[in-house]
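These notes are about the structure you will find just below.
The values are calculated or read from the model by the stated rules, or taken from the named source; none is laboratory data. Please read all numbers here as calculations on a predicted model, not as lab measurements. Reconstructed Cβ throughout: ideal geometry from the backbone, glycine too, with neighbour counts over all protein chains shown. Heads up: the accessible areas ignore ligands, DNA and RNA and are worked out on the full protein's heavy atoms, side chains in. Shrake-Rupley method; radii C 1.70, N 1.55, O 1.52, S 1.80 Å.
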Amino acid sequence: MVEGRLEAGCDEAGRGCLAGPVVAAAVILPPGFVCDELNDSKQLTEKQRNRLRKVIEKEALAWAVASVSPEEIDKINILWASVKAMHKAVAKLKQKPEFLLIDGNKFQPFDGIPHQTVVKGDATYLSIAAASVLAKTHRDALMERLALWHPEYGWDINKGYPTKKHRDAISRFGATKYHRQSFKLLDTQLSFDFDL
């Protein structure tokens, strides 16, 4: 972090899911922002994440969340869908950042803004950790709403990740339009059973 530079941290949630969009967030925190509880969203409880979401949305100089649909994930693959979601989140910020801090090791330049990729960045930079929390909480809330329409898949609990219950439901009820068709939805996919 460089003193006085307007930096946005970016992260995504939902890359490993079988269903739902990939969601990214971009966050610009104020200078001197301190929050001892803020960490990589995967290290926090759901209750902590939801509490931190309110703090971040109130205290950030700017924040934005964006998503890329399962259909587009199937077309361009999950890596580039994640990058595209981050681009969309940065574009939605009410202030244009001077620098982007990206969680992970892959990114495409966006809008002429210099950037740096950081592996495990959500455990290193507060702005990336804040983006991690917003991406995760916004995506979880979306999956909980989708679960009202498709309760059989347990998305209110598994959030679209490949749990046994989720895969059992796909096997029993088939895939929905919210499932990523390019993903291995069932453990038996791509296996061959020759009865000779």
TODO: Give the carbon-plus-sulfur fraction of the accessible surface of the chain in %, rounded to a whole number; probe 1.4 Å, heavy atoms of protein chains only.
DONE: 53 percent
Open item on the list: Considering only C-alpha atoms, what is the centroid distance from the stretch 164-182 to the stretch 24-92, in Å?
Closed with: 26 Å
TODO: Hydropathy first: keep DSSP H helices in the chain averaging at least -0.5 on Kyte-Doolittle, then drop any whose Cα extent along the axis falls short of 30 Å, and list what survives.
DONE: 126-149
Task: Sequence-distant aspartates and glutamates (8 or more away, or on other chains) whose Cα lies within less than 14 Å of Lys164 - done: Glu152, Asp187
Task: the chain - share of DSSP beta bridges that are antiparallel (%, nearest 5) - done: 65 percent
TODO: Starting from the Cα of Lys165, draw a straight line to each of the lysines and keep only those under 26 Å, dropping any in the same chain fewer than 8 residues away.
DONE: Lys42, Lys47, Lys136, Lys177, Lys184
- [ ] Could you pull out every one of the aspartates and glutamates with an alpha carbon less than 17 Å from that of Lys54, ignoring same-chain neighbours closer than 8 positions?
- [x] Asp36, Glu37, Asp40, Glu46, Asp140
- [ ] Net charge near Glu71: determine it from the other residues with C-beta under 12 Å of the C-beta of Glu71, scoring Lys and Arg +1 and Asp and Glu -1.
- [x] +1
- [ ] Answer with a single label: of [x] 69, 34, 24; [y] 58, 32, 25; [z] 71, 40, 23, which was calculated as Cα extents along the principal axes in Å from the structure in view?
- [x] [x]
Task: the chain, accessible area per residue, ligands and nucleic acids excluded (1.4 Å, Å²) - done: 54 Å²
Open item on the list: At 222 nm, what value in deg cm²/dmol follows for the chain if DSSP H runs of at least 4 each add -39500 (n - 2.57) and the sum is divided by all its residues, to the nearest 500?
Closed with: -12000 deg cm²/dmol
